[in-house]
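Undergrad: Provided herewith is a single structure, encoded as structure tokens, for subsequent inquiry.
Please treat every number below as a calculation from the coordinates, not as lab data. These numbers were taken from a predicted model, which means no experiment stands behind them. FYI the Cβ positions are ideal-geometry reconstructions off the backbone, even for glycines, and counts take in every protein chain you see.
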């Protein structure tokens, strides 16, 4: 039976540690840049995983960083101290937005809210009615004109409880926004020298957001997004190697909706498909 | 005719100033002259003429990553001190615009004193030198060989958090190879830190 396990935990953490110039430089009234709470759902079937949603709510004009390549900052991280028999999957990230700052600084960030999903696998035979609890340390860097690191250690508890519609709604919405995978054959791609040509039909606009282990682009700001259904990305050697192209391909469809897809394309040394 | 030629030259210079800048390993390092917090001027080509290898560290005293390496730990000063007698000059450069976080003469004078720095902090408030190098973060490290080439650019080390220095100091690794006459194995890493606070 599908049910929801609400967390009781120490939530809503103040972000200001004052690592950025001291309290004198904080604007009056900006007491909290980030608040954090954790919501859960699951398991959908006996023995299945539990889903944790780490929800960061940001004050106006503050941003958090995506896990891919940025010119500054670092993304949130979650460190779990799991009880025996439990295991944790990776964090799943929604598509960010591009932020360009003076000095040709390109970051991929989140404003207003960031919900990270993570699946936890319980040990065999675990009954949610038994309850469970473990500590989690969450770290992040929130920036506006200045950057302020934040962290908190909270206790995640699994009491037996009834459905939590709010948590289910948040988790469902977060799951829907996660990047997908394109069918085989898409995008259409080829290399000409060190330039990668991408074509995704029926796109009004395309953008490429590189992962941290993607090859280095010559001009991610000018070439990282384009109108239409084609993108041309020039790569430069990074420690002697051109490519690969790994990251998100973000498509704006004809109706204006955005959809992101994971892509992982080899460099030119591997030849075009 | 002379007036028209002057206008064309000025237009070219203006366009050159707004063109995409930034170096990659192997490029000739852009020359510069900047003034430090004590009023002393420093010119890259002068150091190179003396046969020095130069390490440039982009700096913002209010950035948590700079504080990690200058205040909580002594990564930068200890690395600089270890290579000083081998002809390595270390210069911190602040390209933050006036009024922005960590910028300005007084703030950096105080930081130089509070961090007990053994190398100067040069001020680049209009961001000309930062943009010429493509400096994006603080810290963002560049090593210039005595021949004037960029041999390394990127992070100081391999821990991108704000707590502790990394296990591998990339600048040390590159300096050992440069001073030993060997090619630099890792000439570029992804730097980490706060964004350089350029003028809007």
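Undergrad: Taking every pair of alpha-carbon atoms in region A:58-130, what share in percent sits in each 10 Å bin, from 0 to the bin with the longest distance?
TA: Spelled out bin by bin, region A:58-130 gives 17, 38, 23, 16, 6, 1 percent.
Undergrad: Then there is this: Would you calculate, for the protein assembly as shown, the mean residue ellipticity at 222 nm contributed by helices, counting each DSSP H stretch of 4 or more residues as -39,500 (n - 2.57) and dividing by all residues, to the nearest 500?
TA: After summing the helix terms and dividing by residue count, I get -4500 deg cm²/dmol.
Undergrad: Give the whole-number value, in cubic angstrom per residue, of the convex hull volume spanned by the C-alpha atoms of region B:77-200. Let's see the in-between values first.
TA: Values: hull volume 13.9 nm³, N = 124.
Taking only Cα atoms, region B:77-200 has a hull volume of 112 Å³ per residue.
Undergrad: What base-10 log of the normalised intensity I(q)/I(0) is obtained for region A:160-251 from the Debye formula, alpha carbons as equal point scatterers, at q = 0.16, 0.18, 0.19 Å⁻¹?
TA: -0.70, -0.82, -0.89
Undergrad: Return the average number of partner chain Cβ atoms within 10 angstrom of each residue Cβ along peptide B:185-196. If you can, show how the numbers build up before the last one.
TA: Numbers: counts 1, 1, 4, 6, 2, 7, 2, 5, 6, 7, 15, 6.
That works out to 5 on average.
Undergrad: So, one more: Hey, got the Cα dimensions of the protein assembly as shown along the principal axes, in Å, largest first?
TA: The principal-axis extents, from largest down, are 81, 52, 46 Å.
Undergrad: Across the residues of A:94-107, average count of Cβ atoms on other protein chains within 10 Å?
TA: Mean shielding count: 4.
Undergrad: Using the per-residue mean of other Cβ atoms lying within 10 Å as a proxy for protection, in what order, highest first, do the peptides B:178-188, A:104-114 fall?
TA: Highest to lowest by the protection proxy: A:104-114, B:178-188.
Undergrad: With label points built 7 Å along Cα→Cβ from the Cα atoms of residue B:74 and residue B:113, find their separation and express it in nm.
TA: Inter-label distance under the simple model: 2.0 nm.
Undergrad: Please report B:128, A:152 as a ranked list, fewest other C-beta atoms within 10 angstrom at the top and most at the bottom.
TA: Values: B:128 14, A:152 17.
Sorted ascending by nearby Cβ count, the order is B:128, A:152.
Undergrad: Okay, moving on. Using a 7 Å offset from the Cα along the Cα-to-Cβ direction at both residue A:32 and residue A:86, what is the distance between the two label points in nm, to one decimal?
TA: Once both label points are built, they end up 2.4 nm from each other.
Undergrad: Something else now. Normalised by the residues of region B:28-106, what does the relative contact order come to in percent, with Cα pairs under 8 Å and at least six apart?
TA: 29
Undergrad: Okay, next question. Can you tell me the equivalent ellipsoid semi-axes for region A:62-178? Use √(5λ) from the Cα gyration tensor, largest first, whole Å.
TA: On the way: eigenvalues 203, 50, 31 Å².
The three semi-axes for region A:62-178 are 32, 16, 12 Å.
Undergrad: Now a separate question. Over chain B, what is the mean sequence separation of C-alpha contacts under 8 Å (at least six apart), divided by residue count, expressed as relative contact order in percent?
TA: 26
Undergrad: Given points 7 Å out from each Cα along the Cα-Cβ axis, report the residue A:258 to residue A:218 separation in nanometres with one decimal.
TA: Taking the two extended label points, one gets 2.7 nm.
Undergrad: For a quick size check, give me the Cα extents of region B:17-102 along its three principal axes, largest first, whole Å.
TA: 38, 34, 29
Undergrad: Next up: Taking the Cα atoms of region B:128-200, report the difference between the largest and smallest coordinate on each principal axis, in whole Å and largest first.
TA: Principal extents (Cα only, largest first): 41, 31, 13 Å.
Undergrad: Using Cα pairs under 8 angstrom and six or more residues apart, how large is the relative contact order of region A:181-270, in percent?
TA: Values: 197 pairs, mean separation 27.6, N = 90.
Relative contact order here is 31 percent.
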